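Notes follow the structure.
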Amino acid sequence: MNDNFPKALAVILHHEGGWADHPKDPGGATMKGVTLATYSKFLGRDATKEELRNISDAELQQIYRDLYWNRAACDRLPSGLDLAVFDMAVNAGPGRAAKILQAVLGVTADGAIGPKTLAMVESRPTTDLIREFSDAREEFYKGLPIYATFGKGWLRRVDEVESEAYKLIGV
C-alpha cells in the first residue's frame, strides 16, 4: 500500500548487523544480512568474502528491494504487515514468508502473494494479521533443527519486528 521500504530496511539492518560467518548458519558468510550466495547471484558471478564484506549501500538496497521486498509483494501489503513479511522474507526467503502469511489467512500456501492472498489480507484487521503472522513465525523457528543455536535471537527479533510493525500503524 505505502512504500515503507526505507523504514523497513532500517529495521532489518538493525537486526542483521555486520559480518557473520557462523559455522552452524546454513546461510554461511553474511554481510548485513546478505549471504555470499545471494551476492554472487546479484553480481552474476562468484563473489569473494572480501567483496561481500565491502558491499556498497546501493547494492545492499537493491538486493533487499529486488530479492525480498518486491518478491514478497510488500509494497502491496498494509503498513506494518509489510515490515513483518519483509523481515521473514529476508530471514527465511520470500516463498517461506508468503506461505506463512497464506497459512495464517487460510488460503492455499503456494508461496506467491497474489490476488487471492491480497483479498484475504484486505478482509482482516492488520493488527490481528501482524500478531498471527508473528506467532506463526515463532512456531516455524521452533521447528528448525538449528533452533537451539539461533532460536533465542530469532524470537527476540520477531518480538522487536512485531513492535515496530505496530508503530508503523500507530498502535
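Figure the gain on full extension for Lys116 and Ala10 (residue separation times 0.36 nm, minus the Cα-Cα span) and round it to one decimal in nm. The partial results should precede the final answer.
On the way: separation 106, 0.36 × 106 = 38.16 nm, distance 2.96 nm.
Answer, rounded to one decimal: 35.2 nm.
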Inset, instruction - Return a whole-number percent for the relative contact order of the stretch 11-95, with Cα pairs under 8 Å and 6 or more residues apart as the contact set. - result: 18
Inset, instruction - Over all directions, average the projected area of the Cα convex hull of the stretch 87-132 and note it in nm². - result: 2.9
Legend entry - Choice from Gly151, Gly114, Gly143 showing the highest fluctuation, given a GNM over the chain with Cα pairs closer than 10 Å: Gly143
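Return the FRET efficiency for the residue pair Ala103, Val171: r is the Cβ-Cβ distance, R0 is 25 Å, and the value is rounded to the nearest 0.05.
Details: r = 23 Å, r/R0 = 0.93.
My answer for the efficiency is 0.60.
Pairs of alpha-carbon atoms within less than 8 angstrom and 6+ residues apart define the contacts here; what relative contact order does the stretch 88-140 have, in percent? If you can, show how the numbers build up before the last one.
On the way: 45 pairs, mean separation 15.6, N = 53.
The normalised contact order for the stretch 88-140 reaches 29 percent.
Can you give the calculated 222 nm mean residue ellipticity of the chain, where each DSSP H run of n ≥ 4 adds -39,500 (n - 2.57) and the sum is split over every residue, rounded to the nearest 500 deg cm²/dmol? It would help to have the intermediate numbers written out before the result.
Numbers: 9 runs with 104 residues, N = 171.
The per-residue figure over the chain is -18500 deg cm²/dmol.
Given a Förster distance of 30 angstrom, what is the FRET efficiency for Glu138 paired with Glu59, based on the Cβ-Cβ distance and rounded to 0.05? Show your work: numbers first, answer last.
Values: r = 31 Å, r/R0 = 1.05.
So the FRET efficiency works out to roughly 0.45.
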Legend entry - Span per principal axis, largest first, for the Cα atoms of the stretch 37-87 (Å): 37, 17, 15
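Over the chain, what is the mean sequence separation of C-alpha contacts under 8 Å (at least six apart), divided by residue count, expressed as relative contact order in percent? Walk me through the numbers on the way to the answer.
Working: 198 pairs, mean separation 33.4, N = 171.
Computed over the chain, the figure is 20 percent.
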Inset, instruction - Taking only Cα atoms and a 10 Å spring cutoff, compute GNM fluctuations for the chain and point out the largest among Thr127, Thr117, Thr48. - result: Thr48
Inset, instruction - Can you figure out the FRET efficiency of Arg124 with Glu50, using R₀ = 41 Å and their beta-carbon distance, to the nearest 0.05? - result: 0.35
Legend entry - Kirkwood Rh in Å, taken over all unlike Cα pairs in the chain: 16.3
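Sorting His15, His22 on the 10 Å Cβ count, fewest up front, what's the list?
Numbers: His15 18, His22 13.
Lowest count first: His22, His15.
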Legend entry - Label point at Leu155 placed 7 Å out along Cα→Cβ; residues across the stretch 11-49 whose backbone nitrogen lies under 20 Å: 15-16, 25
Inset, instruction - Principal axes first, then extents: for the Cα atoms of the stretch 123-171, list largest minus smallest coordinate on each axis, whole Å, largest first. - result: 34, 20, 7
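Read-outs throughout are calculated quantities, based only on the coordinates presented, and are distinct from any laboratory measurement. The shown structure was predicted, so the numbers you read here are calculated from the model rather than taken from an experiment. Virtual Cβ from ideal backbone geometry, glycine too; neighbours counted across all protein chains shown.
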